[in-house]
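Presented below is the structure to which this report refers.
The values are calculated or read from the model by the stated rules, or taken from the named source; none is laboratory data. Note that the structure is a prediction, hence the values are computed from the model and not measured. Cβ sites come from the backbone with ideal geometry, for glycine too, and all protein chains shown count toward neighbours. For the accessible areas, the whole protein counts, side chains as well, though only heavy atoms, and no ligand, DNA or RNA atoms are used. Shrake-Rupley method; radii C 1.70, N 1.55, O 1.52, S 1.80 Å.
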Amino acid sequence: MGVIKLQVLFVYLTLVSSKLTNSEIMSIEGKAPKPVVLWHGMGDCCCNPLSLGRIKDVIEDNVAGIYVKSLKIGSSIAKDIENGFFLNANTQVEEVCKQLNDDEQLENGYNAIGFSQGGQFLRAIAQRCPSPPMLNLITIGSQHQGVYGLPYCLYPKRWCDYARELLTYGAYLSWVQDYLVQAEYWHDPMKEDEYKAKSIFLADINNERGKNKTYIKNMLKLKNFVMVKFNNDTMVEPKETEWFGYYKPGQATEVMSLQESDLYNKDRLGLKQMDKLGKLKFLAVDGNHLHFTEDWFIENIINPYLKNYDH
Ligand SMILES: *[C@@H]1O[C@H](CO)[C@@H](O)[C@H](O)[C@H]1NC(C)=O
Ligand SMILES: *[C@@H]1O[C@H](CO)[C@@H](O)[C@H](O)[C@H]1NC(C)=O
């Protein structure tokens, strides 16, 4: 009896002192928030206190009791950074699928947030690895239609320089495709046919070679597919790729939106159906690549998408 009273008092004090919302009160009553999985961008790693470590803290501070898993690809932080350049994206996706399956805390579903290239990798997870179930997919400054140019790569410098050299030398050579992650989402609008035939990652997940119905079915399982674009992104070319737009084929100045593309109009990936169902969310932020404030993140990402609970 005494113990129960103490517990009640403890809960009461917690509620008053931290001004929890109704859903957080529910979590204290035994309903846990859905976990969230983060995938970092190129040149970054799982746990840098200034980037993904900070994001993890902000999420934990705002959703009581949430489990945040920031993906580490490889056995160490150094490997994690290196793998962002040199571990075949298809292999990364397979390894992460295994990591997600091995984590019992994710078995009832999770939300996913990908930063920059981590966003298209998490989309591949949604398409190829439907279990455990992904609920909301949120991509922040990601390159869903690839890139044509690599001016945004600053760190680590020697790998960025090397990546640029290889992309110029021959992004669609099979050994470059197998070797360099950025070649695997390199999309040369002057060589659409070659891109479709030889891109081992992006052309596959975008159903550019045949229509994999499993991909469509799995995309449609998502509750929401949220894409965040940076209006003043000088690092991703073209920035419209962050909303699944791209250059019109044959040139590299004029851009078309997702809704103007064949991919959408022939519904090769289920995106048109998702759009009709209200599952596609297009958010824009003024600022350069991945520049957003904590307030923006709380209001636009955490509050609407990460506060769903197990019952
Ligand atoms: C479609 O994707 C699924 C999931 O990755 C895969 O198992 C299957 O082999 C693919 N089918 C074709 C025809 O590529
Ligand atoms: C950023 O882009 C938006 C939308 O295109 C524009 O209205 C705004 O002026 C730009 N801001 C800067 C600082 O360039």
| Residue by residue through region 294-308, which ³J(HN,Hα) values in whole Hz follow from phi under the Karplus form 6.51 cos²θ - 1.76 cosθ + 1.60 (θ = phi - 60°), with glycine and proline marked x? | 4, 4, 4, 5, 5, 6, 9, 10, 5, 4, x, 10, 9, 9, 9
| query | Which value in nm describes the separation of the simple spin-label points at E107 and R54, placed 7 Å from the Cα toward the beta carbon? | reply | 3.7
| query | aspartates and glutamates within cross-link reach of K79: Cα-Cα under 20 Å, excluding same-chain residues under 8 positions apart? | reply | D44, E94, E95, D161, D178, E184
| note | Among S75, S199, S261, the residue with the largest mean-square fluctuation in a Gaussian network model of the chain built from Cα contacts under 10 Å is S75
| remark: Over 24 Å (Cα to Cα) among K221/K248; K98/K213; K217/K272; K56/K307; K198/K279 -> K221/K248; K198/K279
| Solvent-accessible area per residue for the chain (1.4 angstrom probe, square angstrom) | 45
| said: What number results when the radius of gyration of the chain, computed over Cα atoms, is divided by 2.2 N^0.38 Å? | reply: 1.04
| message | Whole angstrom only: what separates the Cα centroid of region 170-222 from the Cα centroid of region 230-291? | response | 16
| query | Once the mean 1/r over all distinct Cα pairs of region 61-141 is inverted, what Kirkwood radius in angstroms do you read off? | reply | 13.2
| For the chain, cysteines whose Cβ has no other cysteine Cβ within reach (under 4.7 Å) | C45
| message | Could you work out the percent of alpha carbon pairs in region 142-261 separated by over 19 Å, rounded to a whole number? | response | 49
